[in-house]
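J.: The structure under discussion is supplied below as structure tokens; questions concerning it will follow.
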Amino acid sequence: MSIRLKVALPFVLLTVVVFVIGVFVVTRLVTGTLTERLTNQLLESGRVVSDSFVRQEGLHVNEALRIVYTTGFAEAVLNEDRETLLRLVEPALGGGTIENIILISPQGTEVLHLIRNGTDIQRVELDTGAGQSPIVIPFLRSQNPQDPPRRALGGNLVNDELYYYTSLPISVDGEFDGVIIVGTSIRGLLPIFKQGALADIILYGSNGQALATTLGSADEETLATLDIPEDQYTEIISNKEQVTGANIEVAGRSYTIGYAPLQIGNDRLGVFSVALPSDFVVQFGADNRVTYAIVFTILMLIVIAIGFFVSRLIIVPLYSLVSTSQAIAGGDLNRRTGLRTGDEIGTLASTFDDMTSKLQERTIELEKTNETLKKIDKTKNNFIQISAHELRTPLTLIMGYSQMLEQDLKENPEMQKLAQGILEGSERMADVVDSMLDVSRIDNNALILRKTSITLAPIIRKVQRNFQSAFDERQIKFEVEGVEKLPAIAADPDMLHKVFYHLMMNAIKYTPDGGDVKIEGKFINGNEPPHLEVTVSDTGIGIDPNMKDLIFQKFHQTGEVLLHSSGKTKFKGGGPGLGLAIARGIVLAHGGTIKVESPGHDEVKFPGSKFIVSLPAPPKEPKEKEQDV
């Protein structure tokens, strides 16, 4: 018998049986008590209302951030520029769910207060005391732009309307620029929440007084009948679960109420309740419930028995197949399933065994090839290391004799110029030899870091001095921004000098005469671990997106090597192709990262490139607040 019949036939029969029993159960035996069904509905409605407030909180935050990041907004709040704020905020208040916006400056001044009623926007000229509210004072005290939002239910003194408020700090450039409060009227929210919860909603104040409801006409007389004792309010707001069971009568109709604390984030804003009519469900007899339990139990036993029988036919060989595949995945290529069942699982097992045999053969071949490649790579690395060491001694002699010749030939300018040429060539060869040794150390994990507490500014200045003559000769404009403000980090200064030496040489080499090279530094301490980010950017020929990973490989060259200039700082000058490989190895050894960004390669439009170096840094300690005198 095929596996299709083994699986399908029993479950076809089972489906028919379940269908017949299900029809009988649904039409005759569905039971439940009034209390159980009503309680479940109350719990579900309460969850819907709580989720609705959370979604409204998200809308508040999104709308507030949209306003905060309007160009010029944060500066206007900081400067208490009310006219500018009116021009920026009034259009944003015209749509969406926000009906009340209050802006507080860092000094606690109520800079702007707007209320929307339909399409009309009211400008509040008096100070309503919003700057002293509990959802504003913590921000003004901490002056921390990273503080989370705060929420509250409260009335507006201008129109006596009850609002759901959310406040959050205003920050664009990482500095505290004030507080924005956005609010939506409870009168507008509750009917919307009622549609989702399919139940009436009541909100209570801190003393148990009913503030708003969707029951009846929601007038003062109705609200007075819904008040709860203050001690009951305290018990509910401190409870983690919803409390149900209270019964009330409104407009001649009986309701059952479930109470719960209104919590958004870490803030408990008050207490809310959901109310359902007591005749929401119809109670059947308890005897039907017992009958249903017996039928359901028998049905479950039948399902369990059939399921166990079917699983034995299918799962046992599958377990064998899975066990074999796991062993093979763990490296045991000698393992075989040995299944011969005559059905699709048997065919699968046989095919799997054949595939494993072929995989074993290919693996053996790949291991042999890999060993050969490792030997070749080791030989290559040894050659690089030996060659570099062997070249260092004669280069040292050439450089020494060249320096002596240069000193002795001061009276013969022509011969002195030749000696200088020999010295410059030998120095460049020494740079290549040093680069080869650095690459060899990186490849062999033999790079030694002598870390100390340093700042990057002196290193950048030293690198700039190395290339100042090239900047002057090529008329390249060089700028440094933000590096002086970077905090100290634990790093090897000589190694980081090599990183920025190679990056700056690379930027000069591929930037045409009259171009720009810029180094920018900034400290990042947000959601990510604290780190320094230093960007070396240029206005050069750019990098093909397909080459962004290859350029960090040793000996990689951009463009046609034979067309390169011979000078290391000349436009498209030559080199061994080791600089970026060394820079990446040193940055990784410091626990950092390096990446490149470029629109593409174009030797006509010169789109430029950015090399971004990230280095781990200790977090900045918060500045001590000045004490009021």
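The values are calculated or read from the model by the stated rules, or taken from the named source; none is laboratory data. Note that the structure is predicted; figures quoted are calculated from it, not measured. Every residue, glycine among them, receives a Cβ derived from its backbone with ideal geometry; neighbour counts consider all protein chains shown.
J.: Can you give me the number of residues within region 542-566 that are modelled with pLDDT under 65, surrounded by fewer than 16 Cβ atoms within 10 Å (Cβ to Cβ) and not polar (S, T, N, Q)? Give the steps one after another, and end with the answer.
T.: Narrowing region 542-566 to residues modelled with pLDDT under 65: 558-566.
Imposing the further condition that a residue be surrounded by fewer than 16 Cβ atoms within 10 Å (Cβ to Cβ) reduces the set to 559-563, 565-566.
Among the residues that remain, those that are also not polar (S, T, N, Q) are: 559-563.
Summing the residues that are modelled with pLDDT under 65, surrounded by fewer than 16 Cβ atoms within 10 Å (Cβ to Cβ) and not polar (S, T, N, Q) in region 542-566 gives 5.
J.: Here is a follow-up. Given the condition in a helix (DSSP H, G or I) and either at pLDDT 90 or above or of a type in the set (A, V, I, L, M) (or both), answer yes or no: does some residue in region 525-538 qualify? Spell out how you get there, then give the answer.
T.: Within region 525-538, the subset in a helix (DSSP H, G or I) is none.
Looking for residues that are in a helix (DSSP H, G or I) and either at pLDDT 90 or above or of a type in the set (A, V, I, L, M) (or both), one finds none in region 525-538, hence no.
J.: Within region 302-348, count every residue that is outside any helix (DSSP H, G or I), touching a residue at least 24 places away in the same chain (Cβ under 8 Å) and of a type in the set (Ser, Thr, Tyr).
T.: We begin by selecting, within region 302-348, every residue outside any helix (DSSP H, G or I); these are 330-343.
Narrowing further to those that are touching a residue at least 24 places away in the same chain (Cβ under 8 Å): 333-334, 341, 343.
Add one more test, that the residue is of a type in the set (Ser, Thr, Tyr), and what stays is 341.
Of the residues in that region, 1 qualify.
J.: Sticking with this one: When you look at residue 480, is it within 27 Å of residue 536 (Cα to Cα) and in a helix (DSSP H, G or I), yes or no?
T.: On the way: within 27 Å of residue 536 (Cα to Cα): yes; in a helix (DSSP H, G or I): no.
Spelling it out, it is not the case that residue 480 is within 27 Å of residue 536 (Cα to Cα) and in a helix (DSSP H, G or I).
J.: Still on this structure, please answer the following. Mind telling me which of the residues 372, 341 ends up being at pLDDT below 75, hydroxyl-bearing (Ser, Thr, Tyr) and either under 30 Å from residue 555 (Cα atoms) or in the same structural domain as residue 440 (by TED's automatic domain parsing) (or both)?
T.: Details: 372 fails: at pLDDT below 75.
So the residue among 372, 341 that is at pLDDT below 75, hydroxyl-bearing (Ser, Thr, Tyr) and either under 30 Å from residue 555 (Cα atoms) or in the same structural domain as residue 440 (by TED's automatic domain parsing) (or both) is 341.
J.: Scanning region 497-520 for residues that are among the β-branched types (Val, Ile, Thr) and in contact (Cβ under 8 Å) with a residue 60 or more places away in the chain, which turns out farthest from residue 542 (Cα to Cα)? Break it down stepwise before answering.
T.: Within region 497-520, the first condition is being among the β-branched types (Val, Ile, Thr), and the residues that meet it are 499, 508, 511, 517, 519.
Retained after the next criterion (residues that are in contact (Cβ under 8 Å) with a residue 60 or more places away in the chain): 499, 508, 511.
On the way: 499: 20, 508: 12, 511: 9 Å.
Restricting to residues being among the β-branched types (Val, Ile, Thr) and in contact (Cβ under 8 Å) with a residue 60 or more places away in the chain, the top hit is 499.
J.: Look at region 399-421 and say how many of its residues are out of contact with any helix residue (DSSP H, G or I) (no Cβ under 7 Å at 6 or more places or on another chain) and polar (S, T, N, Q). Break it down into steps so the answer makes sense when it comes.
T.: Of region 399-421, the ones out of contact with any helix residue (DSSP H, G or I) (no Cβ under 7 Å at 6 or more places or on another chain) are 400-401, 404, 407-408, 411-415, 417-418, 421.
Cutting the leftovers down to polar (S, T, N, Q) gives us 407, 412.
The total comes to 2.
J.: Here's a follow-up. In the list 276, 211, which residue meets the criterion of being in contact with a strand residue (DSSP E or B) (Cβ under 9 Å, 6 or more places away or on another chain), modelled with pLDDT of 80 or more and farther than 23 Å from residue 185 by Cβ?
T.: Values: 211 fails: farther than 23 Å from residue 185 by Cβ.
Selected residue: 276, the only one of 276, 211 that is in contact with a strand residue (DSSP E or B) (Cβ under 9 Å, 6 or more places away or on another chain), modelled with pLDDT of 80 or more and farther than 23 Å from residue 185 by Cβ.
J.: Within the set of pairs 6+ apart or on separate chains, which have a first residue in region 468-489 that is over 27 Å from residue 614 (Cβ atoms) and in the same structural domain as residue 540 (by TED's automatic domain parsing), a second that is acidic (Asp, Glu) and crowded, with 16+ Cβ neighbours inside 10 Å, and C-beta atoms under 8 Å apart?
T.: That search, which allows pairs on different chains as well, returns nothing.
J.: Right, something else. Out of 67, 102, 135, report the one residue that is assigned to a loop (DSSP other than H, G, I, E, B) and crowded, with 18+ Cβ neighbours inside 10 Å. Break it down stepwise before answering.
T.: On the way: 67 fails: assigned to a loop (DSSP other than H, G, I, E, B); 102 fails: assigned to a loop (DSSP other than H, G, I, E, B).
Just a single option satisfies the conditions, and that option is 135.
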